[in-house]
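The values are calculated or read from the model by the stated rules, or taken from the named source; none is laboratory data. Remember, predicted model here, so these are calculated numbers, not experimental data. Virtual Cβ from ideal backbone geometry, glycine too; neighbours counted across all protein chains shown. Just the protein is used for accessible areas: all its heavy atoms, side chains included, with ligands, DNA and RNA removed. Shrake-Rupley method; radii C 1.70, N 1.55, O 1.52, S 1.80 Å.
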Amino acid sequence: MIEIKVDFERCDANGTCAALMPDVFRIGEDGRLRQLVSEVDDGRENELDEAILCCPVGAISRS
Amino acid sequence: MTTTADFDPFAPDAGHEGGAVDGRALVSGPYGFAALGHELASTVLRDPRFQNSALRLMEEFGITEGPVHDFRARSIIMIEGDPHMRLRTPLARFMSPVTVERIRGVLRAIVETITDDLDDSKPFDFYRQVAYRIPSMVYCHLAGAPFSDAPKVQSLSERTLALLHRDRSLAPSIRAAYDELFDYLDDLIRRKREQGFGEDMLSYLLKQGDDGKLTEQEVLTEATSMLEASSVNTAHQAGLVVWTLLRDRDVWRRLVADPELIPAAVVEALRLYPRTGLVSKIATEDVELGDVVIPRGSDVHVAVWSANRDPERFENPGAFSLDRECNQPLTFSTGPHNCLGQGLAKAEIEEVVRHLAEHYPDAVVDEDATRIGQAGGRWLVESLTVDLRP
């Protein structure tokens, strides 16, 4: 499993990650980001790396 | 002392305490409404019921139909929801902080190429000769265009986004600039298809189109958005940051002694002198903001220049401080429409400052030959005369 970390101080909930991995990240009713799971299967490494790559504020990292 | 009656959201004021006028974070006047408080400004910027006013501004300028109007109507700043995210993600991956760290060497090389040509023995216009030239070269690298296209790219970005100066007399020049931009992109795409795709952003977009992940129209919309936004704002912002840092000699000495402080210094200068000092929106329905109902169709101007100096959010807001924790000005907006190029823009500016701090620790601004101005609520550099070896 790969551990996912979000730096919520940096996150501005622009929703790019939620568009790419909706089962992992979601923008709540209050406009804030929810991290739905703390890790994903190794098989989703590329997908996660794309979400990390696309975050305009660089708030996502992984183990 | 500014009163609500004479407050003008289109005139950034470095002496304005920020965040409110007469204790009010939301004010109104002949311009419509203006959001001044950091929290309120963030709320408006994040709320999809407030739509960017760029399309209406274009219509007021007489551009009410045709390819330029159609582009603006379906562009990334105007749309919301899933179609918006479809356009954002393919661009985001080329400009994020993660990507930028991989191309920092390229940014440094671009800064060095430009500064190599300088005659540093006498004062010169740092804006025109350095800051102005960098972003379009970075765009060429990203888009996989030859560096020889950079002056054209810079000029197209400057002339298309002149819309935001809110000067109606510019309408014919804006329309002509977009026509020229569309022709340039057609030609660049043709060259790219002939030469074969590379690892660049434009190749990626074209491949997304060929694979059916984006429509042909979306590919062109993306490419146009990227080109118009490529250069002009970053050029002015780089000039504003250099101007701010060189004039504060205590800060400048700290940066020369410890270049690790440069990223924090850039963010702090971005807070105090935001190029994008105003983001204008239109309420698409009646919206309650605190105890005020903003009627549908109203103009709501987010005065980033004021929100960035809100004492409720930033202690001693008029002072330059390298020690602010969680320093997040609204210079690149926030939320779903935040600036996709912010990581790239910051890195470009950091590299310019780093180059100066390393090679020209004694550099100074010649105040008499420098003019910092504003248009449409946005700070701009008219000239920035710097003496690198005083």
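Going by the conditions given, is A:D12 part of a loop (DSSP other than H, G, I, E, B) and either under 19 Å from B:S96 (Cβ atoms) or without any contact (Cβ under 8 Å) to a residue 60 or more places away in the chain (or both)?
Details: part of a loop (DSSP other than H, G, I, E, B): yes; either under 19 Å from B:S96 (Cβ atoms) or without any contact (Cβ under 8 Å) to a residue 60 or more places away in the chain (or both): yes.
So A:D12 fits the description; yes.
The set of residues from the stretch B:218-267 being without any contact (Cβ under 8 Å) to a residue 60 or more places away in the chain, touching a Gly at 6+ places or on another chain (Cβ under 8 Å) and not aliphatic (A, V, I, L, M) is empty.
Any chance the stretch B:78-86 includes a residue that's within 14 Å of chain A (Cβ to nearest Cβ), open to solvent by 50 Å² or more (accessible area, probe 1.4 Å) and in contact (Cβ under 8 Å) with a residue 24 or more places away in the chain?
Of the residues in the stretch B:78-86, the ones within 14 Å of chain A (Cβ to nearest Cβ) are B:79-86.
From the residues that got through so far, the ones that are open to solvent by 50 Å² or more (accessible area, probe 1.4 Å) too are B:80, B:82-83, B:86.
Then keep just the ones that are in contact (Cβ under 8 Å) with a residue 24 or more places away in the chain; that gives B:80, B:86.
The answer is yes, given that some residue of the stretch B:78-86 is within 14 Å of chain A (Cβ to nearest Cβ), open to solvent by 50 Å² or more (accessible area, probe 1.4 Å) and in contact (Cβ under 8 Å) with a residue 24 or more places away in the chain.
Looking only at the stretch B:67-77, residues that are among the small types (G, A, S) and open to solvent by 30 Å² or more (accessible area, probe 1.4 Å) come to 1 in all.
When only residues in the stretch B:314-330 that are within 17 Å of A:C11 (Cβ to Cβ) and crowded, with 22+ Cβ neighbours inside 10 Å count, which is farthest from the other protein chains (Cβ to nearest Cβ)? Please lay out each step first, then the result.
Initial filter on the stretch B:314-330 (within 17 Å of A:C11 (Cβ to Cβ)): B:325-330.
Still in the running and crowded, with 22+ Cβ neighbours inside 10 Å: B:329-330.
Values: B:P329: 12, B:L330: 10 Å.
Selected residue: B:P329.
Within the stretch B:140-161, the set of residues being open to solvent by 10 Å² or more (accessible area, probe 1.4 Å) and within 14 Å of the chain's Cα centre (by Cα) comprises B:E158, B:L161.
Scan the stretch A:30-47 and tell me whether some residue there is of a type outside the set (S, T, Y) and facing chain B (nearest Cβ under 8 Å). Give the derivation first.
Applying the first criterion (of a type outside the set (S, T, Y)) to the stretch A:30-47 yields A:30-37, A:39-47.
So of that shortlist, the ones also facing chain B (nearest Cβ under 8 Å) come out as A:31.
Yes, the conditions are met somewhere in the stretch A:30-47.
Okay, residues lined up against (1) at pLDDT 95 or above; (2) within 13 Å of chain A (Cβ to nearest Cβ):
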site: B:A34; (1), (2): yes, no
site: B:L40; (1), (2): yes, no
site: B:L45; (1), (2): yes, yes
site: B:E60; (1), (2): no, no
site: B:V98; (1), (2): no, yes
site: B:A109; (1), (2): yes, no
site: B:E112; (1), (2): yes, no
site: B:F124; (1), (2): yes, no
site: B:A131; (1), (2): yes, no
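Scanning the stretch B:15-58 for residues that are under 20 Å from B:D286 (Cα atoms), in a loop (DSSP other than H, G, I, E, B) and in contact with a strand residue (DSSP E or B) (Cβ under 9 Å, 6 or more places away or on another chain) returns B:A25, B:Y31, B:L36, B:D47, B:R49, B:S53. For B:G277, the conditions (1) under 23 Å from B:A11 (Cα atoms); (2) within 14 Å of chain A (Cβ to nearest Cβ) all hold with the exception of (2).
Of the numbered criteria (1) charged (D, E, K, R); (2) within 13 Å of chain A (Cβ to nearest Cβ); (3) free of Cβ contacts under 8 Å to residues at least 40 places away in the same chain, the one B:E65 fails is (2).
Going by what's in this entry, would B:S121 be described as among the polar types (S, T, N, Q) and assigned to a helix (DSSP H, G or I)?
Values: among the polar types (S, T, N, Q): yes; assigned to a helix (DSSP H, G or I): no.
No.
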